[in-house]
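Structure first, commentary second.
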Amino acid sequence: MTRTRVYRDGALQKEDFPVEDVPEFLAQPGTTVWVDLCEPAEADLTRLAGELGLHQLAVEDAVAEHQRPKLDRYDGHAFLSAYAVRFDAGSGEVATAELGAFVTPRALVTVRKDGGFDIEPVVRRWDENLRLAKSGVSFLLHGLLDHVVDGQYQAVQALDDEVEDLEDLVFDDRPDASELQRRSFRLRKSLTALRRVVLPMREVISALMRPDLGLADELTRPYFEDVHDHARQAAEQTEAMRELIATVRETQLNLQGNRLNLIMKKVTGWAAVIAVPTAVTGFYGQNVPFPGNDAPSGFWTSTVLLAVSSVGLYALFKKKDWL
C-alpha cells in the first residue's frame, strides 16, 4: 500500500499519485512531497532510494525490524526511527508499531513495517494544521512526531492509572496475593516495553531541533518544542513508574510479612491462654491424693483457678495488643 501527497506553496496540490511521479514533482519549485510505504518490498524501496539519493545503510535500517528509536544523519538527508504505542487496558499489554522515515530537504518518506501503525490520524493532523504547510518537510515531520509522542504519552497515562489501581489492591483488607503478583509482573513487563521506545524520543526530537539540520524553522520551532516537552514528560513519568512499581511490590511483601507476624502473635497468645487451663486440669487429674480430692471443694477450687487464670491472661494479652 502506498500513499502520496504533494504540497505547493503551503497548499495541497495532489495526492495518491504514482511513486514514479515523485522526481517530476520534486523538479518543480516550491513543492514538498510525502510518500508513505506500508510493508514495502526491498526492491521498491531501493528504487525510490536511488531516485532520492538515500544512503544504503538507511535503506537497510528502514527494512530491518526492531530498530532503536534514533536519528541518523547522512549527506543530504536523515533517517528517523520511532514507534507508535497503544496500551490495552484489558490485557495490560503494550502494542508497538515500528516506523522509519527518510527526511530530505523537500520530501518525507515514511516506511511502516506493518499495518499496526495507522497513518490516517497523521494525515488528519496535517489537514487540520495547513497554516504550517508553508514550512514544507518541517510541517510534515511535526505532524508525524506529534502523533507518535501523543500516543506514547497516552499509553504512559493509561499505565499510570493501572499502577494506581494496583496500589489500591495492595491495601485491600483481604488482598488476593496471586492476583497482585500477576498484575505487578504484567505491568513491569509492559513498562519495560514502553520505556524502550519512549525514553530515546527525547534525544531524537532534541537532535531534530538542532539549527544545523534546518528542520525546525521559526514557524514550526515552538511546535517542535511542545512535542519535545511531551516526550520529556512521558520519559520522566515512565522512570517514576518504574520506581513506583518496585515500591508497590516491596510494600506488598512487607504487608504479607506483617500479616503473618500478626497471625503468629495471635496464635501464640491463644496457645498461652489455653496452656494454663490445661496445666490446672492436668494437676487435678493426678492419680494421687491432693487437697480437695474426692470433695466438692476440689472441683470448685480448680474451676475458679482455671477461670481466673484464663481471664487474667486474656486481659493481659489484650492490654499488650497481643490478641
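No lab work stands behind these numbers, since they all come straight from the coordinates. Quick caveat, the model's predicted, so the values are computed rather than measured. Reconstructed Cβ throughout: ideal geometry from the backbone, glycine too, with neighbour counts over all protein chains shown.
Observations
- For the stretch 2-255, fraction of C-alpha pairs farther apart than 28 Å, in %: 38
- Dipole of the chain computed with +1 at Lys/Arg Cβ and -1 at Asp/Glu Cβ about the Cα centre; of Val308, Thr4, Leu244, farthest Cα towards the positive end is Val308.
- Under-24-angstrom lysine pairs by C-alpha in the chain, whenever the two are 8 or more apart or on separate chains: 10
- Here is the result for the stretch 1-71: no chymotrypsin sites (Phe, Trp or Tyr not before Pro) lie in DSSP coil with at most 15 other C-beta atoms within 10 angstrom of their C-beta.
- For the chain, size of Cβ-based charge dipole, Lys and Arg +1, Asp and Glu -1, in debye: 1660
- Taken about its Cα centre, the stretch 149-234 carries a charge dipole of about 600 debye when Lys and Arg each add +1 at the Cβ and Asp and Glu each add -1 at the Cβ.
- Cut-off 16 Å (backbone N to label point 7 Å along Cα→Cβ of Arg242), residues of the stretch 188-219: 188-203
- Distance from the stretch 127-198 to the stretch 1-32 (C-alpha centre basis), Å: 35
- Dipole magnitude of the stretch 1-87 about its Cα centre (Cβ charges: Lys, Arg +1; Asp, Glu -1), debye to nearest 20: 400
- In the chain, helices alone account for a calculated mean residue ellipticity at 222 nm of -20000 deg cm²/dmol, with every DSSP H run of four or more residues adding -39,500 (n - 2.57).
- Between the residues Gly53, Val19, Ala235, the greatest Cα displacement towards the positive end of the dipole of the chain, with unit charges on the Cβ of Lys, Arg, Asp and Glu, is found for Ala235.
- Within the chain, longest stretch free of exposed GluC sites (Glu not before Pro) [DSSP loop, at most 10 other beta carbons within 10 Å]: 66-217
- Qualifying trypsin sites (Lys or Arg not before Pro) for the stretch 162-271 [loop in DSSP, other Cβ within 10 Å: at most 12]: none
- Cβ-based exposure ranking for Thr46, Thr32, in which fewest neighbours within 10 Å come first: Thr46, Thr32
- Based on Cα atoms of the stretch 114-248, Rg over Rh with Rh as the Kirkwood radius reads 1.11.
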